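Student: The structure that follows is given in the form of structure tokens.
The values are calculated or read from the model by the stated rules, or taken from the named source; none is laboratory data. Quick caveat, the model's predicted, so the values are computed rather than measured. Counting neighbours? That spans all protein chains shown, and the Cβs are built from the backbone with ideal geometry, glycine included. To get the accessible areas, we keep the full protein, side chains included, count just its heavy atoms, and leave off ligands, DNA and RNA. Shrake-Rupley method; radii C 1.70, N 1.55, O 1.52, S 1.80 Å.
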Amino acid sequence: MISLKERLTEILINNKLITEEQLEQALSVQKEKGGRLSDILVSLKFVKENELTSTLSEGLGLPLIDLKRFKIDNEIVSVIPADIARHYQIIPVSKMGDTITLAMADPLNIFAIDYVQSLTGYKINPIISRIQDILQAIELSYPDATKGIIDDLVKEIEVSSIELVREEKEALPSDTELTRISLEAPVIKITNMILDEAVTKKASDVLVEPFDKKLRIRFRIDGILSEQKSPPKQMHASIISRVKVMSDLNIAEHRLPQDGRFKVKLAGREVDFRVSILPSSHGEKLALRILDKTQAMLDIERLGFSQYTIDTLKKVSKLPHGMMLVCGPTGSGKTTTLYSVLKFVDSPDKNIVTVEDPVEYQLEGINQVTARPEIGLTFASALRSILRQDPNIIMIGEIRDYDTVDIAIKSALTGHLVLSTLHTTTAPGSIVRLINMGVEPYLINSSVVCIVSQRLVRRICPRCKETYTIKKDLLDSLKIKLEKGKNPEFFRGKGCPFCLNMGYSGRTGIAEVLVLSSKIRELILNRAQEHVIKEEARKEGMKTLREDGLEAVFKGLTTIEEVLRVTAPDE
């Protein structure tokens, strides 16, 4: 009599899904670690789960069922306990007379069939389904299976009332199981708990990341990612679905990235969330950007920049025309700086228009346009239309291509003040980037007034701030020079409950400001390299990011470690 293992291998090899060598390798792994042979073959990537399931269906002559398209009656499910269904990876789908049709990931498991038969007293008719579909069906059909874990998790954190400002649309596919579970109390409670905790801890981003056996939730607090307590992996699909419902996204789409936003009322104030969903190998990864207006410091004086930087920003913002660029990596506060400049210059006699992708904060009295490339509303096409609206000041969310920079420069030359961001690491590097994008040097000289490169460094917690000294040889190795007669005394945070024992609370900005002088313009005209422009700018008094950061260290605002973390050394 042929054994079950031989039957499985015969089907796979005859259908040329695996080779003899791959089978031997899988069998040695099974001998060493145990487990089902089919699971091992999939984990070793010798065969795809879909191919394995359909081939077994053909080879064994058993029907294949897509559980995602099948509604299971709760009365039938109650025949088999949740722990048995989860252990054997099975779920009953129908009952006729004295026979139950049982969806199984492994229809060759006669022990499971015999056990269920003796447990229920029914005859078993096995059919095949994908393991992921079975596990999801178990989660949906046995809501109490994870209830205990969820209840314990919810009890640990007090959840404040969160009210979704934008209600769900009727057009959503409410007949799907995922929509149903996304509207159930435990899922709403868990999702609200995550949002509430993120806002309370003043996080800027929330990441929900699925892995093979666990779900990881991380908050970005003051620019640093930290792992949080996570719900069970089984909650992943329903949390993602809940966020999709809140954001009016397509709940049935799992293969393509999706972007959206939603707004909630939390502790008496409204908080915006920007949503990005990305398909990964273990499921959909969710990234939430928290846009809390109460935390946003849209005031030039409160950004934390040096007085010279603030004075330069104010001076440029009062010019009748020209272009100011703010550069830095993602999350360095570029948009916040531009918003602060707009708030500073905003007055009833000025027509201010922005084009962004997407609009981060709704600013009162300022016309904001969201770029939507999928329907042809790009930065470039939006700018062409904005110029017909007779604006005084134009803000462009980001210069990404030649078309956008070309119109931006022409706008600056025709009497508009243009503010924008650019993804470069240094202020002199922005000049080289513009030339690489195809902009002629004489056009840069005629339009660009100043370039600001900025970073955000964590602020020392004021409640646990302490002084300490650093040895002079260490300062010398870091090329940090102290004024004569000054003690090498610095500040740091010990860590306290207020700052969650991090030693830091909040962030402050550091910047290097490149003002285009006549000598700098001459170098640009000659297409000088970045280091040559930087050298000349430093001679004229430009402080680099590292130098501005060290000034913040000497003032006791941040630590040396922070400045070294976010800035590159000066050559």
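Student: Would you check which residues across region 84-114 are among the acidic types (Asp, Glu), touching a residue at least 24 places away in the same chain (Cβ under 8 Å) and surrounded by fewer than 19 Cβ atoms within 10 Å (Cβ to Cβ) and list them? Don't jump to the end; show me each part of the working.
Tutor: Of the residues in region 84-114, the ones among the acidic types (Asp, Glu) are 98, 106, 114.
Subset that is touching a residue at least 24 places away in the same chain (Cβ under 8 Å): 98, 106.
Correct list: ASP98 only.
Student: Of all residues in region 347-363, how many are modelled with pLDDT under 90 and within 21 Å of ILE451 (Cα to Cα)?
Tutor: 1
Student: Filter region 402-428 for residues that are open to solvent by less than 10 Å² (accessible area, probe 1.4 Å) and either small (Gly, Ala, Ser) or assigned to a loop (DSSP other than H, G, I, E, B) (or both) and give the result.
Tutor: ALA408, SER411, ALA412, SER420, ALA427 - these are the residues of region 402-428 that are open to solvent by less than 10 Å² (accessible area, probe 1.4 Å) and either small (Gly, Ala, Ser) or assigned to a loop (DSSP other than H, G, I, E, B) (or both).
Student: If you don't mind, another one. Within region 219-234, restricting attention to residues that are touching a helix residue (DSSP H, G or I) at 6+ places or on another chain (Cβ under 6 Å) and over 27 Å from THR330 (Cα atoms), which residue is most open to solvent (accessible area, probe 1.4 Å)? Before you say what the answer is, go through the steps one by one.
Tutor: We begin by selecting, within region 219-234, every residue touching a helix residue (DSSP H, G or I) at 6+ places or on another chain (Cβ under 6 Å); these are 219, 231-232, 234.
Still in the list and also over 27 Å from THR330 (Cα atoms): 231-232, 234.
Working: PRO231: 6, PRO232: 20, GLN234: 65 Å².
Only one residue fits best here, namely GLN234.
Student: How many residues, within region 261-302, are open to solvent by 20 Å² or more (accessible area, probe 1.4 Å) and over 30 Å from GLU49 (Cβ atoms)?
Tutor: Taking region 261-302 as the starting set, the residues that turn out to be open to solvent by 20 Å² or more (accessible area, probe 1.4 Å) are 261, 263, 265, 267-270, 274, 276, 278-283, 285, 287, 289, 293-299, 301-302.
Those still in the list that are over 30 Å from GLU49 (Cβ atoms) too: 261, 263, 265, 267-270, 274, 289, 293-299, 301-302.
Residues meeting the conditions: 18.
Student: Another one. Test each condition in (1) closer than 14 Å to THR191 by Cβ; (2) in contact with a Cys (Cβ under 7 Å, 6 or more places away or on another chain); (3) among the β-branched types (Val, Ile, Thr) for VAL316 and report the one that comes out false.
Tutor: Exception for VAL316: condition (1).
Student: Name the residue, out of LEU291, LEU207, LEU256, that is under 15 Å from the mean Cα position of the chain (by Cα) and at pLDDT 90 or above. Quick ask: steps written out before the conclusion?
Tutor: Working: LEU291 fails: at pLDDT 90 or above; LEU256 fails: under 15 Å from the mean Cα position of the chain (by Cα).
Among LEU291, LEU207, LEU256, only LEU207 is under 15 Å from the mean Cα position of the chain (by Cα) and at pLDDT 90 or above.
Student: What do you reckon, is SER204 open to solvent by less than 50 Å² (accessible area, probe 1.4 Å) and either in a helix (DSSP H, G or I) or under 29 Å from GLU139 (Cα atoms) (or both)?
Tutor: Values: open to solvent by less than 50 Å² (accessible area, probe 1.4 Å): yes; either in a helix (DSSP H, G or I) or under 29 Å from GLU139 (Cα atoms) (or both): no.
For SER204, the condition - open to solvent by less than 50 Å² (accessible area, probe 1.4 Å) and either in a helix (DSSP H, G or I) or under 29 Å from GLU139 (Cα atoms) (or both) - is not met.
Student: Moving on to the next point. Would you confirm whether or not region 369-382 contains a residue that is in contact with a Ser or Thr (Cβ under 7 Å, 6 or more places away or on another chain), without any contact (Cβ under 8 Å) to a residue 12 or more places away in the chain, surrounded by fewer than 21 Cβ atoms within 10 Å (Cβ to Cβ) and among the aliphatic types (A, V, I, L, M)? Can you show your working first?
Tutor: Going through region 369-382, the residues in contact with a Ser or Thr (Cβ under 7 Å, 6 or more places away or on another chain) turn out to be 369, 371, 379-380.
Remaining after also requiring without any contact (Cβ under 8 Å) to a residue 12 or more places away in the chain: none.
Checking region 369-382: not a single residue is in contact with a Ser or Thr (Cβ under 7 Å, 6 or more places away or on another chain), without any contact (Cβ under 8 Å) to a residue 12 or more places away in the chain, surrounded by fewer than 21 Cβ atoms within 10 Å (Cβ to Cβ) and among the aliphatic types (A, V, I, L, M).
Student: If you scan region 115-147, which residues turn out to be farther than 30 Å from ILE188 by Cβ and open to solvent by 20 Å² or more (accessible area, probe 1.4 Å)? Can you show your working first?
Tutor: Of all residues in region 115-147, those farther than 30 Å from ILE188 by Cβ come to 115-128.
Those that are farther than 30 Å from ILE188 by Cβ and open to solvent by 20 Å² or more (accessible area, probe 1.4 Å): TYR115, GLN117, SER118, LEU119, THR120, GLY121, TYR122, LYS123, ILE124, ASN125, PRO126.
Student: To continue, here is another question. Conditions: (1) touching a strand residue (DSSP E or B) at 6+ places or on another chain (Cβ under 7 Å); (2) open to solvent by less than 10 Å² (accessible area, probe 1.4 Å); (3) over 30 Å from GLU512 (Cβ atoms). GLY322 meets all but one. Number of the miss?
Tutor: It fails just one condition, (3).
Student: Being at pLDDT 75 or above and more than 39 Å from the chain's Cα centre (by Cα) is the filter here; which residues of region 13-30 pass it?
Tutor: Answer for region 13-30, where residues must be at pLDDT 75 or above and more than 39 Å from the chain's Cα centre (by Cα): ILE13, THR19, GLU20, GLU21, LEU23, GLU24, LEU27, SER28.
Student: A further question follows. Would region 179-192 turn up any residue that is under 30 Å from ASN501 (Cα atoms), open to solvent by less than 10 Å² (accessible area, probe 1.4 Å) and modelled with pLDDT of 90 or more?
Tutor: Kept after step one, since they are under 30 Å from ASN501 (Cα atoms), are these residues of region 179-192: 189-192.
Next, only the ones that are open to solvent by less than 10 Å² (accessible area, probe 1.4 Å) stay: 190-191.
In the following step, the residues that additionally are modelled with pLDDT of 90 or more were identified as none.
Taking every residue of region 179-192 in turn, none turns out to be under 30 Å from ASN501 (Cα atoms), open to solvent by less than 10 Å² (accessible area, probe 1.4 Å) and modelled with pLDDT of 90 or more.
Student: Related question: If you check ILE375, ILE396, which single one turns out to be in contact with a Phe, Trp or Tyr (Cβ under 8 Å, 6 or more places away or on another chain) and under 21 Å from ASP259 (Cα atoms)?
Tutor: Numbers: ILE375 fails: in contact with a Phe, Trp or Tyr (Cβ under 8 Å, 6 or more places away or on another chain).
Going through ILE375, ILE396 in turn, the sole match is ILE396.
Student: Looking for something farther than 25 Å from VAL432 by Cα, modelled with pLDDT under 90, assigned to a helix (DSSP H, G or I) and among the hydrophobic types (A, V, I, L, M, F, W, C) - is there at least one such residue anywhere in region 369-380?
Tutor: Taking region 369-380 and keeping what is farther than 25 Å from VAL432 by Cα, we get 369-377.
From the residues that got through so far, the ones that are modelled with pLDDT under 90 too are 370-377.
Filter again for assigned to a helix (DSSP H, G or I), leaving 373-375.
Still in the running and among the hydrophobic types (A, V, I, L, M, F, W, C): 375.
Yes, the conditions are met somewhere in region 369-380.
Student: Follow-up question, since we're still on this one. Of these, VAL553, VAL532, which one is closer than 29 Å to PHE490 by Cα and either of a type in the set (Val, Ile, Thr) or more than 31 Å from the chain's Cα centre (by Cα) (or both)?
Tutor: Values: VAL532 fails: closer than 29 Å to PHE490 by Cα.
It is VAL553.
Student: With LEU475, LEU523 as the choices, which residue is over 28 Å from LEU338 (Cα atoms) and without any contact (Cβ under 8 Å) to a residue 24 or more places away in the chain? Don't jump to the end; show me each part of the working.
Tutor: Working: LEU523 fails: over 28 Å from LEU338 (Cα atoms).
Within the list LEU475, LEU523, the selection yields LEU475.
Student: Find the strands (runs of 3 or more DSSP E) located wholly in region 463-571 whose residues include 1 or more that are surrounded by 12 or more Cβ atoms within 10 Å (Cβ to Cβ) and either in contact with a Leu (Cβ under 8 Å, 6 or more places away or on another chain) or not charged (D, E, K, R) (or both), and list them.
Tutor: Numbers: elements: 465-469, 489-493, 504-515.
Ranges flagged: 489-493, 504-515.
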